[in-house]
1. Just in segment 2-109: which chymotrypsin sites (Phe, Trp or Tyr not before Pro) are loop by DSSP and have at most 16 other Cβ atoms within 10 Å?
2. Using a Cα-Cα cut-off of under 20 Å, which aspartates and glutamates could be cross-linked to Lys180, ignoring same-chain neighbours fewer than 8 residues away?
3. Given q = 0.10, 0.19 Å⁻¹, what are the Debye log10 I(q)/I(0) values for segment 39-193, with equal point scatterers placed on the Cα positions and solvent ignored?
4. Taking just the alpha carbons, could you work out the radius of gyration and Dmax for segment 6-54, both in angstroms?
5. Once neighbouring chains are kept in place and the probe is 1.4 Å, which whole percent of the accessible area of segment 1-116 is contributed by carbon and sulfur?
6. Within segment 140-228, list the GluC sites (Glu not before Pro) lying in a DSSP loop whose Cβ has at most 11 other Cβ atoms in a 10 Å radius.
7. Just to check, using Stokes-Einstein with a Kirkwood Rh over alpha carbon pairs, what's the diffusion coefficient of segment 180-228 at 25 °C and 0.890 mPa s in µm²/s?
8. Let a ≥ b ≥ c be the square roots of the eigenvalues of the Cα gyration tensor of segment 1-104; is it rounded (a/c under 1.5), or, if not, prolate (a/b larger than b/c) or oblate?
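The values are calculated or read from the model by the stated rules, or taken from the named source; none is laboratory data. All values reported here derive from a predicted model rather than from experimental measurement. Note that each Cβ is placed from the backbone with ideal geometry, even for glycine, and that neighbours are counted across all protein chains shown. The accessibility values were calculated without ligands, DNA or RNA, using every heavy atom of the protein model including side chains. Shrake-Rupley method; radii C 1.70, N 1.55, O 1.52, S 1.80 Å.
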Amino acid sequence: RISPVLIVGIVLFILCAISLYIRIALPYDQIFRDGWVAFKGVDPYYHMRLVDNTLHHFPHSIAFDPYTFYPHGIGTQFRPFFGWLVAGIAWIIGLGSPSQHTINSVGAYIPTILGTLTIIPIYFIGKELFNRWVGVLSAALVIILPGEFLNRSLLGFTDHHVAEALFSTIAILFLILAIKKAKEREISFAHLINRDWATIVKPIIYTILAGVFLGIYLLTWWGGLLFV
């Protein structure tokens, strides 16, 4: 017999491939034109300006932009993590000195990858709340569901929104896991005071991971506080 875990793994792999096809192959000719990258919308161009600036002063990012609200300038209106992510990956791929085409190509592909990765925490949330097949169905729906998530995870839509979706979903997943484990083990302050590691270690790890990804989410979007 084939293990259900193996079946789920194969299905998720296929779903990831379908997601990448929808997000990369279908709009490809609209984005990559005659050797240059045409980003989708105004904000992606501004995000790439921040990425370019970060790469010229790596790993520092600009905090004040003199060209926004010209001639007065204004503080940068976007949180820095998304720019760090794109710039860091471009810096690694370019071996510390990426070309402009490499930078733009990385920027174009990032939303498709982040959007596809969101399938994984979606699956585990469905699995933890119901069962693995609900998780599979949820993952399948999220890759084809029309709307803003699909639009903002397409090739060339280099904006922080898809990163928000991924990191907030991961934070919720670890919060669910932490609450479930704490409830199953009936954790109390006595367990913490007595350092009953066998009982508390998993809930603590899940709680810390939830906090880490919540922090990354807050570094990605100003409005993330509403999520809290």
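1. On the way: sites: Phe13, Tyr21, Tyr28, Phe32, Trp36, Phe39, Tyr45, Tyr46, Phe64, Tyr67, Phe69, Phe78, Phe81, Phe82, Trp84, Trp91, Tyr109; in loops: Phe39, Tyr67, Phe69, Phe78.
Here the chymotrypsin sites (Phe, Trp or Tyr not before Pro) that fit, given the DSSP loop and packing criteria, are Tyr67, Phe69.
2. Glu128, Asp196
3. Per q value, in the given order, log10 I(q)/I(0) is -0.49, -1.09.
4. Answer for segment 6-54, Rg first and Dmax second: 15.6, 45 Å.
5. Numbers: 4570 of 6760 Å².
The computed percentage sits at 68.
6. Passing both the DSSP loop test and the Cβ count: Glu186.
7. Approximately 200 µm²/s, per Stokes-Einstein.
8. Numbers: a/c = 2.35, a/b = 2.01, b/c = 1.17.
Note, shape of segment 1-104 comes out prolate.
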